[in-house]
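A short write-up of the structure that comes next.
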Amino acid sequence: MNNIPKEYRINNVIRHKEFLINGEIDEWNGKMADVFSTLLCDSNEKEPMLLGTTPLMSKNLALKALNSASKAFKQGQGLWPTMKVYERINCMEKFVNMMVLKRDEVVKLLMWEIGKNLNDSQKEFDRTVDYIKDTIEEYKIIDRKGANFQNSSGVRALIRRGPLGVVLCLGPYNYPLNETFALLIPAIIMGNTTIFKPAKHGVLLIAPLLKAFKESFPPGVVNIVFGRGRELATPIMESGKVDVLALIGHSSSAISLQDLHPQKNRLRLVLGLEAKNPGIILKDADIDLTVNECISGTLSFNGQRCTALKILYVHEDIKEEFLNKFSKKVDELKIGMPWDNTLLTPLPEPSKPSYISDLIDDATSLGAKIVNKKGGKKQKNFVFPAILYPVTDKMKVYKEEQFGPVIPIVSFNDISKPIDHMASSNYGQQVSIFGKDASVLAPIIDSLVNLVCRVNLNSSCQRGPDIYPFTGRKDSAVSTLSVHDALRSFSIRTFVASKDNELNKSILRDIIDSKKSSFIRTDYYL
Ligand code: G3H
């Protein structure tokens, strides 16, 4: 501990017992789960280090959280779904103002729980705060657009977006704050009520925010439970009372959860799932630029991003030059602790290093070589990134989403090779294409846009900026997220229609003048 900067030390084990149900923060006194950090793994330190404990809540409490959310939604008649837009916005503003006060605590726990480096942990927090603020502004725009009547074929209509119901929110461990909140915040602000269970890693960092949720929203709007997904999410889904499953994670979890719902047509899905985004490097690519983009694309946060470049296709003509420069640059990367701000940090999943070794062994046994000198070297839960070449479709790393520091490389002569692979892949999130000749790039881009949902030209894949649509084809996503699209994904268009006659006009005028309806109004929030 002594070599850790003072402000990032954890001096005592964090015994977190609290949960939030029906507007009350209660303490759990049953079984607890240990939260280990995989950071202190050098030979002088005890390993693994116990960081804290969190509740392993029971099925009964999961159902209590569900009932609290259902009661607060009350089939759309509850206080929250019928509240005026500006009142919901006021609650969200209060929340974000309280949340920013917890920045240091949350950032420190992001580093300890998932090993994300300091810069990226701070970025994750700040990006989430910006996301909330942008969501508030976007909601005002949507509300403003809904504040006028249309008249067509003698039918007058006021069309707005209304909430869907009870939302179960489950986020991923690689962005335990940002991606979970990218689901939770739009769901809440649109008038839904929610049950939220933190990811498998990155749990303690939610604890400092419990009070802000409790104090900002009416009882039952946000319910936060801790424990195993199987124990908590299973009874919640089996109840049939969940209207939206909002999950960022693996498609296998999404499928098992959907299967538990007894009335599938009632269940809406907002899912961000796995991907195998390729980088395609054409023969005229600017090699230095491409190497730099491929480093951040394959290895930021050790490759543990759904948007990471997970396979590289390099044209035969530049293969040697690219492999030399790329492996030299990868070998120069530093490994360190999150507060050292190195690109490479320990992996938070205890089983990940052996999985990465398995992928490497499988590929090398089938003819691939580790191209870089340091590739695959392990020290406890650090794994130095391994560049594998030549990779073929017989190898596991060709198909599996490695979500870690291993970089498979395939060479090609004909562009149909990577394109055919993408067409036959189960995934369709993004691609990066590197090259200079516009006449070559144009037809390739035209093919790629129909295989994925974002084509990155001479740049690595990424989700941001958050105003752009984030989605995918096939098994990579269901529905679209972005500041604007998420508000649509968590709501439905609903409207009041009336024959255009004097009686209806005068009723509508009276309702508007009296300001008695939250829905029928033509004013808006600036
Ligand atoms: O894990 C998947 C994330 O959506 C990736 O987001 O591109 O901002 O790292 P990012």
Subset of region 420-456, residues in a helix (DSSP H, G or I) and of a type in the set (Gly, Ala, Ser), comes to 423, 424, 438, 439, 442, 447
Output yes when any residue across region 69-76 is farther than 21 Å from residue 225 by Cβ and modelled with pLDDT of 95 or more, and no when none is. yes
Pairs returned, first residue in region 484-507 that is within 16 Å of residue 189 (Cβ to Cβ), second residue that is open to solvent by 60 Å² or more (accessible area, probe 1.4 Å) and assigned to a loop (DSSP other than H, G, I, E, B), beta-carbon separation under 9 angstrom, 6 or more apart or interchain, are 484/467; 484/469; 485/469
Note on residue 112: of the conditions (1) closer than 20 Å to residue 185 by Cα; (2) modelled with pLDDT of 95 or more, unmet is (1)
In region 359-395, residues that are open to solvent by less than 80 Å² (accessible area, probe 1.4 Å) and at pLDDT 95 or above total 22
Is it the case, given these coordinates, that residue 246 is surrounded by 21 or more Cβ atoms within 10 Å (Cβ to Cβ), more than 30 Å from residue 419 (Cα to Cα) and within 16 Å of the ligand (Cβ to nearest atom)?
yes
Exercise for review: Could you tell me whether region 443-454 includes any residue that is of a type in the set (S, T, N, Q) and on the phi > 0 side of the Ramachandran plot?
Suggested key: no
| For region 485-493, does any single residue satisfy the condition of being of a type in the set (D, E, K, R), surrounded by 15 or more Cβ atoms within 10 Å (Cβ to Cβ) and at pLDDT 95 or above? | yes
Within region 127-140, restricting to residues that are away from the ligand (no atom under 16 Å from the Cβ) and either in a loop (DSSP other than H, G, I, E, B) or open to solvent by 60 Å² or more (accessible area, probe 1.4 Å) (or both), the one that is nearest to residue 84 (Cα to Cα) is 137
Query - residue 183 being touching a Lys or Arg at 6+ places or on another chain (Cβ under 9 Å), within 16 Å of the ligand (Cβ to nearest atom), aliphatic (A, V, I, L, M) and over 20 Å from residue 52 (Cβ atoms) - result: no
Counted residues in region 256-310 being in contact with a helix residue (DSSP H, G or I) (Cβ under 8 Å, 6 or more places away or on another chain), among the hydrophobic types (A, V, I, L, M, F, W, C) and part of a loop (DSSP other than H, G, I, E, B) come to 5
Next item on the list: With the condition kept exactly as written, say whether any residue in region 437-455 is within 16 Å of the ligand (Cβ to nearest atom) and polar (S, T, N, Q).
Entry: no
When (1) within 16 Å of the ligand (Cβ to nearest atom); (2) in contact with a His (Cβ under 9 Å, 6 or more places away or on another chain) are applied to residue 411, the one that fails is (1)
Within region 459-478, residues in contact with a Phe, Trp or Tyr (Cβ under 9 Å, 6 or more places away or on another chain), open to solvent by 50 Å² or more (accessible area, probe 1.4 Å) and part of a loop (DSSP other than H, G, I, E, B) come out as 475
Margin query: Within region 143-153, does at least one residue satisfy the condition of being in contact (Cβ under 8 Å) with a residue 24 or more places away in the chain, within 21 Å of residue 266 (Cβ to Cβ) and in contact with a strand residue (DSSP E or B) (Cβ under 9 Å, 6 or more places away or on another chain)?
Written below: no
Within region 209-238, residues within 18 Å of residue 26 (Cβ to Cβ), open to solvent by 20 Å² or more (accessible area, probe 1.4 Å) and under 21 Å from the mean Cα position of the chain (by Cα) come out as 227
Within region 146-169, the residues that are crowded, with 21+ Cβ neighbours inside 10 Å, touching a helix residue (DSSP H, G or I) at 6+ places or on another chain (Cβ under 7 Å) and under 20 Å from residue 482 (Cβ atoms) are 163, 167, 169
If we keep only residues of region 499-526 that are in a helix (DSSP H, G or I) and hydroxyl-bearing (Ser, Thr, Tyr), then the residue nearest to residue 152 (Cα to Cα) is 506
Considering region 322-331, residues that are touching a helix residue (DSSP H, G or I) at 6+ places or on another chain (Cβ under 6 Å) and open to solvent by 30 Å² or more (accessible area, probe 1.4 Å), and then whichever is nearest to the ligand (Cβ to nearest atom), we arrive at 329
Sole miss for residue 522 among (1) under 30 Å from residue 180 (Cα atoms); (2) at pLDDT below 95 is condition (1)
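To keep it simple, each residue is scored yes or no on (1) without any contact (Cβ under 8 Å) to a residue 40 or more places away in the chain; (2) within 16 Å of the ligand (Cβ to nearest atom); (3) open to solvent by 20 Å² or more (accessible area, probe 1.4 Å).
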{"position": "275", "(1), (2), (3)": "no, yes, no"}
{"position": "279", "(1), (2), (3)": "no, yes, no"}
{"position": "285", "(1), (2), (3)": "no, no, no"}
{"position": "288", "(1), (2), (3)": "yes, no, yes"}
{"position": "291", "(1), (2), (3)": "yes, no, no"}
{"position": "307", "(1), (2), (3)": "no, yes, no"}
{"position": "311", "(1), (2), (3)": "no, no, no"}
{"position": "333", "(1), (2), (3)": "no, no, yes"}
{"position": "343", "(1), (2), (3)": "no, yes, yes"}
### Query
Based on what the data block shows, is residue 211 within 19 Å of residue 129 (Cβ to Cβ), more than 15 Å from the ligand (Cβ to nearest atom) and charged (D, E, K, R)?
yes
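The values are calculated or read from the model by the stated rules, or taken from the named source; none is laboratory data. Model, not experiment: these values are computed from the prediction. Cβ atoms come from the backbone with ideal geometry, glycine included; neighbour counts cover every protein chain shown. In case anyone asks, the SASA skips ligands and DNA or RNA and just uses the protein heavy atoms, side chains included. Shrake-Rupley method; radii C 1.70, N 1.55, O 1.52, S 1.80 Å.
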